[in-house]
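Step one of this worksheet: look at the structure below.
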Amino acid sequence: MSTSVVNNRPDYDHVIVDIVDYVMDYTITSPVAYETAHYCFLDTLGCGLEALEYPACKKLLGPIVPGTVVPNGARIPGTQFQLDPVQAAFNIGTLIRWLDFNDTWLAAEWGHPSDNLGGILAIADWLSRAAVANGKQPLTIKDVLTGMIKAHEIQGCLALENAFNKVGLDHVVLVKVASTAVVAQMLGLAREEILSAVSLAWVDGQSLRTYRHAPNTGSRKSWAAGDATSRAVRLALIAQKGEMGYPSVLTAKTWGFYDVLFNGQPFKFQRPYGTYVMENVLFKIAFPAEFHSQTAVEAAMTLHQQLKAAGKQVEDIARITIRTHEACIRIIDKQGSLNNPADRDHCIQYMVAIPLLLGRLTAADYEDNVAADPRIDVLREKMICVEDPDFTRDYHTPEKRSIANALTITFNDGSRLDEVKVEFPIGHARRRKDGIPLLLKKFSSNLARQFPDTQQRKILSVSLERTLLENMPVNEYLDLYVI
């Protein structure tokens, strides 16, 4: 009996075709999407500027070979680096993600769609500087915002119904796919070339989630998205040179993504690509904490004041019950020792203990000097997470998309404080009116970390006027961020 395989080259998988058709043909008309993208752009850059305060992040920045000079290279905000677009994407992406403070998308899969800005901004700046050098028109920030909306949509729609975490894959695979598609389109690739590029992103090696979970939680989770978006730029540039694609990379029997990495199951989709994700993205405004804990931290801040008013101490607490949703328990319910900042910002008990004790939660509170306070572990040991099925259901409901947590403190004498429940964090779409002024304040504070007053004012004068910002050449805007 013959066992030879029929070697007829198939058409491209429809998942890939849909992505490419979207980036090439979809016209964004939503005012809300552009307004939100404007705020997202500023917040994302600000997160990167705050990350420059941390030596562990700064040591990863710069060219691969020290002293490398790249004519018309892409600027790295807050530094003097000007790099090739691949390494620039890694630098910008790593800055954006380092402190776990940029935007978030929660569904069957989780992730941070603004991670894609690493590749989008690097390519936009590089193309703009090359264009100016050749007497042509540069890209504008409006082009960057358009790219962000489309990258958000691709990553977010793929995440709605497909849990890559359940097969052990990290969500940065979606950053790589979304960035590849958008960057390839920005480069002006033909349709066949973009199809090739996106297929290359799926066939690429994919990151394991082990660096996000006990017992291996570590700092790679802070640069994994930078790695993914820079890989996307590399793949798009390879496709630009005519490198072939792999049409059935997802569906091929035995060797395709579905069979090898997704338990043989095809992707599911809740909605077609549009502007839904950017319009509903979650901003991290108040706390640099894994997003499933944001409402728990808000509740803990309230309870901190109540504890002070009642004159209660840590020693008076017998138990803290955290009523929560399933995803929170799966990702950040963590007992035992916490070995580094990356471990701590993925532990809900730690992220609740700090505000209960200190009335705050900042990026610096994950560092060793703060974590050495013995009261933190005493409190952690008194916490228990309990899933509320209603919270889990509302987390997945498209019309609601809550991220609810509720905290109850019980004292040694049997008395308790009333439960404090928060359904929607300050960065949720339902709280935009309250959140945006705080987001802009966060951006201003992050500018002040790196730049003198005059430079801050120059950046703010153009950044806060959306029409002015959208029409500004990318290279001229990033020149404002040179330290």
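The values are calculated or read from the model by the stated rules, or taken from the named source; none is laboratory data. Keep in mind that this is a model prediction, so the values were computed, not measured. Quick reminder, even Gly has a Cβ in these numbers, built from the backbone with ideal geometry, and neighbours come from all protein chains shown. Just the protein is used for accessible areas: all its heavy atoms, side chains included, with ligands, DNA and RNA removed. Shrake-Rupley method; radii C 1.70, N 1.55, O 1.52, S 1.80 Å.
Within the set 81, 101, 90, the sole residue that is open to solvent by 10 Å² or more (accessible area, probe 1.4 Å) and under 23 Å from residue 428 (Cβ atoms) turns out to be 101. Within region 205-230, the set of residues being open to solvent by 70 Å² or more (accessible area, probe 1.4 Å) and among the charged types (D, E, K, R) comprises just one member, 220. Only one of the numbered conditions (1) open to solvent by 10 Å² or more (accessible area, probe 1.4 Å); (2) at pLDDT below 95 is violated by residue 327, and that is (1). Can you find even one residue in region 149-159 that is open to solvent by less than 20 Å² (accessible area, probe 1.4 Å), at pLDDT 95 or above and either under 18 Å from residue 478 (Cα atoms) or among the aromatic types (Phe, Trp, Tyr) (or both)? Among the residues of region 149-159, not one is open to solvent by less than 20 Å² (accessible area, probe 1.4 Å), at pLDDT 95 or above and either under 18 Å from residue 478 (Cα atoms) or among the aromatic types (Phe, Trp, Tyr) (or both), which makes the answer no. Looking across region 261-314 at every residue that is assigned to a helix (DSSP H, G or I) and of a type in the set (S, T, N, Q), the one that is surrounded by the fewest Cβ atoms within 10 Å (Cβ to Cβ) is identified as 305. Criterion applied to 481, 477 was being touching a Pro at 6+ places or on another chain (Cβ under 6 Å) and open to solvent by less than 20 Å² (accessible area, probe 1.4 Å), and the one residue passing it is 481.
For region 236-247, a residue qualifies if it is open to solvent by 30 Å² or more (accessible area, probe 1.4 Å) and either part of a loop (DSSP other than H, G, I, E, B) or touching a Lys or Arg at 6+ places or on another chain (Cβ under 6 Å) (or both), and the qualifying residues are 241, 242, 243, 244, 246.
Of the residues making up region 271-296, those that are within 15 Å of residue 426 (Cα to Cα) and more than 19 Å from the chain's Cα centre (by Cα) number 1. Pairs linking a residue in region 184-201 that is in the same structural domain as residue 250 (by the TED database) and at pLDDT below 95 to a residue that is outside any helix (DSSP H, G or I) and surrounded by fewer than 24 Cβ atoms within 10 Å (Cβ to Cβ), with Cβ atoms under 6 Å and 6 or more positions apart or on different chains, do not occur. Screening residue 436 with (1) surrounded by 20 or more Cβ atoms within 10 Å (Cβ to Cβ); (2) under 22 Å from the mean Cα position of the chain (by Cα) gives one miss only, at (1). Only one of the numbered conditions (1) within 24 Å of residue 152 (Cβ to Cβ); (2) of a type outside the set (Asp, Glu); (3) open to solvent by 10 Å² or more (accessible area, probe 1.4 Å); (4) touching a Pro at 6+ places or on another chain (Cβ under 6 Å) is violated by residue 233, and that is (3). Return the residues of region 75-132 that are among the aromatic types (Phe, Trp, Tyr) and either touching a Ser or Thr at 6+ places or on another chain (Cβ under 8 Å) or over 22 Å from residue 435 (Cβ atoms) (or both); say none if nothing qualifies. Result: 81, 90, 98, 110, 126. Checking each residue in region 273-315 for being touching a Leu at 6+ places or on another chain (Cβ under 8 Å), within 17 Å of residue 101 (Cα to Cα) and among the small types (Gly, Ala, Ser) picks out 286, 289, 296.
Taking the conditions (1) touching a residue at least 12 places away in the same chain (Cβ under 8 Å); (2) open to solvent by 20 Å² or more (accessible area, probe 1.4 Å) in turn, residue 118 satisfies each one other than (2). Does at least one position in region 129-138 carry a residue that is among the aliphatic types (A, V, I, L, M) and crowded, with 23+ Cβ neighbours inside 10 Å? Checked against the condition, which is being among the aliphatic types (A, V, I, L, M) and crowded, with 23+ Cβ neighbours inside 10 Å, region 129-138 yields no hits at all.
Is it the case that residue 288 is at pLDDT below 95 and closer than 29 Å to residue 150 by Cβ?
Details: at pLDDT below 95: yes; closer than 29 Å to residue 150 by Cβ: yes.
In short, yes.
Under the condition of being within 22 Å of the chain's Cα centre (by Cα), open to solvent by 20 Å² or more (accessible area, probe 1.4 Å) and not polar (S, T, N, Q), the residues counted in region 177-199 number 1.
Out of region 152-176, which residues are under 17 Å from the mean Cα position of the chain (by Cα), among the acidic types (Asp, Glu) and within 20 Å of residue 14 (Cα to Cα)? The answer is 153, and nothing else.
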